[in-house]
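What follows is one structure encoded as structure tokens, with my remarks underneath.
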Amino acid sequence: MSMLTRTDVGAVDDYPNDGITGLEIEGRAIVLIRQGEEFFAMPDRCTHARYPLNDAELLGGKIKCAHHGATFDLHTGKPTLPAVKKIRLYDVDVVDGRVLVTVQEA
């Protein structure tokens, strides 16, 4: 049975545009990304070699791992080489100026 945990991680204005912020929710390291009015959240680990993504680079709708250059599509989680495994995307909602991240327990 999967469980959903929805966590308020702060105000929209707490997050810089085109910024990557490392957070911890329920003991899980995640990264929260803001591009314009869109927010994305995913585990803070590249699926290729498990390096953190909090020091990654944002490239037009993708996040690029600083260590080996794998990218992940922010909308689908689809990887580019050397990563072959999709990254899990968490749901992010903005409600009344607050950013809410839903982490699904497997």
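Tell me, which residue of the range 67-82 that is aliphatic (A, V, I, L, M) and surrounded by 15 or more Cβ atoms within 10 Å (Cβ to Cβ) is farthest from the chain's Cα centre (by Cα)? Among them, the one singled out is A70.
Screening the range 83-106 for residues that are over 18 Å from Q35 (Cβ atoms) and β-branched (V, I, T) and picking the one that is surrounded by the most Cβ atoms within 10 Å (Cβ to Cβ) gives V103.
Pairs linking a residue in the range 1-26 that is touching a residue at least 24 places away in the same chain (Cβ under 8 Å) to a residue that is of a type in the set (D, E), with Cβ atoms under 6 Å and 6 or more positions apart or on different chains, are S2/E105; M3/E105; T5/E26; G22/D44.
The residue of the range 1-55 that is nearest to T76 (Cα to Cα), among those that are surrounded by 18 or more Cβ atoms within 10 Å (Cβ to Cβ) and touching a His at 6+ places or on another chain (Cβ under 9 Å), is F40.
Every condition in (1) under 16 Å from D14 (Cβ atoms); (2) in contact with a Pro (Cβ under 8 Å, 6 or more places away or on another chain); (3) not in a strand (DSSP E or B) holds for R34 except the one numbered (3). Selection within the range 81-106: residues that are of a type in the set (A, V, I, L, M) and touching a His at 6+ places or on another chain (Cβ under 9 Å). The member of this set that is nearest to D44 (Cα to Cα) is L89. Exactly one residue out of E37, E24, E57 is modelled with pLDDT under 95 and either over 20 Å from H68 (Cβ atoms) or not aliphatic (A, V, I, L, M) (or both), and it is E37. Scanning the range 71-105 for residues that are under 20 Å from A56 (Cβ atoms) and assigned to a strand (DSSP E or B) gives T71, F72, D73, P79, Y90, V92, V99, V101, V103. In the set A29, A66, only one residue is at pLDDT 95 or above and within 15 Å of A83 (Cα to Cα); that residue is A66.
The values are calculated or read from the model by the stated rules, or taken from the named source; none is laboratory data. Computed from a predicted model, the values in this text were never measured in an experiment. A quick note on method: Cβ atoms are made from the backbone with ideal geometry, for glycine too, and the neighbour counts reach across all protein chains shown.
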